[in-house]
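Values quoted throughout were computed directly from the atomic coordinates according to the rules given, and no laboratory measurement underlies them. Just so we're clear, the structure is a prediction, and the values are computed from it rather than from any experiment. With ideal geometry, Cβ positions are generated from the backbone for all residues, glycine too; neighbour counts draw on all protein chains shown.
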Amino acid sequence: MTSAAPHGHPVYRDMPTTIFEKMSARARETGAINLGQGFPDSQGPEDVLRVAADALLTKSNQYPPMAGLAELREAVAAHYARHQGLDLMPQEVIVTSGATEAIAASLLALVRPGDEVLVLAPLYDAYLPLIERAGGVARVLRLTPPDWRISGEALEAASSENTRLLLMNNPVNPTGIALRTEELALLAEFCVARDLIAICDEVWEHIIFDGAAHKPLIAFPGMRERTVKIGSAGKIFSVTGWKVGWMGAAAPIATLLARAHQFITFTTPPNLQWAVAGGLAKPESWFADMRAAYQASRDRLTAGLRAAGYAVNASAATWFVTIDLTASGIAMDDVTFCARIIDEAGVAAIPISAFYPKEPVTHLVRLCFSKADEVLDQAVIRLAAFRASLA
Ligand code: GLN
């Protein structure tokens, strides 16, 4: 008798639902304050939403060009020229349905069977299944707190002559760090020396604090021809449900990326593309105000948690801070702590161990601060009571 078991791909058969969905579902069930999955609780900028609403009613709702509306491709190129001094051409930009699609399309387009892809842990949980499903083999460089430092020796040790690609995230989810200039230079030199293509998930490029400027890897010597730069409107405009992203790369690579994209989602809703094109042209002051508002939320949650007896790591970028359980004097691993605070305090968070394929760091917990002040304050009150209950 043949088995009725599903014939699923081994990559997915034993895989749990992603931690973000799991924690959000638990928060919905229990009514917990959701500081787990990274999303703002605001509506997004009214003028950008208005363009999307108007475009839905007044412009075409049929397939836009496969690589994206010309206006959005131009807006992305102009945005990066203005904000990061890049020389990407509109033809080198492909619009995708979110950055996750851009990562998937990049891997499907560029990984040949058996190619090794170097990744840095902690890493976003989609990376490994996407690499493996694209026929690649992930080589994981495990980084550790408190510095998360990348060294040349570690890069050498984590790679081999079969390594063809680097897939990386900067600024980094979940640690909230921005890679240092010397580390980026090291990565660039490594890619050039080994003839690697770098796929750079830079969705947090605008959510960077304390006056720091984002440094895209594509701008480092030798990287222009070998980098895929990925961005996301969901993060820039606080509209994570829109799933509008893009990937930019030198023309020979961009051609391959478009071929992969055409058989994944093919296009992205045109009204949202119109709105994002307009948003990217906003004046610098808008981006500065957006960053300042999130920085104030970061500071509010950090100060509240510290006053409540938690050791909180400084966050330089992203919507996340991390609590250090060991330094807080809490003898629990991250998974246990997250399970207990959702049940006992009514707050959802994300264990950092979910970002390690093996040998996880287990004493850090990620909290999302892109929320209204009242929500952050309420979460702090609840976590303070929980902390006190342990003493
Ligand atoms: N990027 C979001 C986070 O890190 C999660 C997105 C998702 O759930 N797919 O929280």
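Numbers at a glance
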| quantity | calculated |
| --- | --- |
| Inter-site label distance for Glu46 and Ser151 at 7 Å from Cα along Cβ, in nm | 5.4 |
| Full-stretch length increase - Ala327, His9 - with 0.36 nm per residue and alpha-carbon distance subtracted | 110.4 nm |
| The chain, dipole about Cα centre (Lys/Arg Cβ +1, Asp/Glu Cβ -1), debye to the nearest 20 | 400 |
| Between the stretch 177-245 and the stretch 100-129, the Cα center-to-center distance that results, in Å | 15 |
| Inter-label distance for Ala311 and Thr336, nm, one decimal - labels placed 7 Å from Cα along Cα-to-Cβ | 1.7 |
| DSSP-assigned coil residues among trypsin sites (Lys or Arg not before Pro) in the stretch 39-108, each with at most 15 further Cβ atoms within 10 Å | Lys59 |
| Gain in span if fully extended, Asp373 to Asn162, counting 0.36 nm per residue against the direct Cα distance | 71.0 nm |
| Electrostatic dipole magnitude of the stretch 270-391 [Cβ: Lys, Arg +1; Asp, Glu -1; Cα centre; debye, to 20] | 100 |
| Loop GluC sites (Glu not before Pro), the stretch 155-186 (other Cβ atoms within 10 Å of the site Cβ: 12 or fewer; DSSP) | Glu161 |
| Proximal lysines relative to Lys243, as straight alpha-carbon distance under 17 Å, when same-chain residues fewer than 8 apart are discounted | Lys229, Lys235 |
| Loop sites in the stretch 288-391: trypsin sites (Lys or Arg not before Pro), DSSP, at most 16 other Cβ within 10 Å | Lys358 |
| Mean separation of Cα contacts under 8 Å (6+ apart) over length of the stretch 1-128, as relative contact order % | 14 |
| Förster-model FRET efficiency, 25 Å R0, His214 and Ala126, C-beta, rounded to 0.05 | 0.70 |
| Asp195-Phe263 FRET efficiency (beta carbon distance; Förster radius 25 Å; 0.05 resolution) | 0.35 |
| Relative contact order (%) - criterion: Cα under 8 Å, at least six apart; region: the chain | 24 |
| For Leu166, residues with placed amide H under 5 Å, excluding near neighbours | Leu118, Ile197, Ala198, Ile199 |
| Cut-off 17 Å (backbone N to label point 7 Å along Cα→Cβ of Arg112), residues of the stretch 158-183 | 160-166 |
| Ellipsoid equivalent to the chain - semi-axes via the Cα gyration tensor, in Å | 32, 26, 22 |
| Antiparallel %, DSSP beta bridges [both residues in the chain], to 5 | 50 |
| Solvent-free Debye scattering, log10 I(q)/I(0), computed from the Cα coordinates of the stretch 156-268 at q = 0.18 Å⁻¹ | -1.01 |
| Highest-first arrangement of 318-328, 165-175, 258-268, where packing means the average Cβ count within 10 Å | 165-175, 318-328, 258-268 |
| Selection from Tyr63, Ser97, Leu120 lying farthest towards where the dipole of the stretch 37-146 points positive, charges on Cβ | Leu120 |
| Residue-span extension gain [Met89 to Arg180] - 0.36 nm each, minus C-alpha spacing | 30.0 nm |
| Backbone HN-Hα couplings from phi across the stretch 355-368 [Karplus 6.51/-1.76/1.60, Hz, Gly and Pro as x] | 9, 10, x, 8, 6, x, 7, 10, 10, 10, 10, 9, 10, 9 |
| Furthest towards positive pole of dipole, Ala388, Ala296, Pro283, structure part the stretch 254-391, Cβ charges | Pro283 |
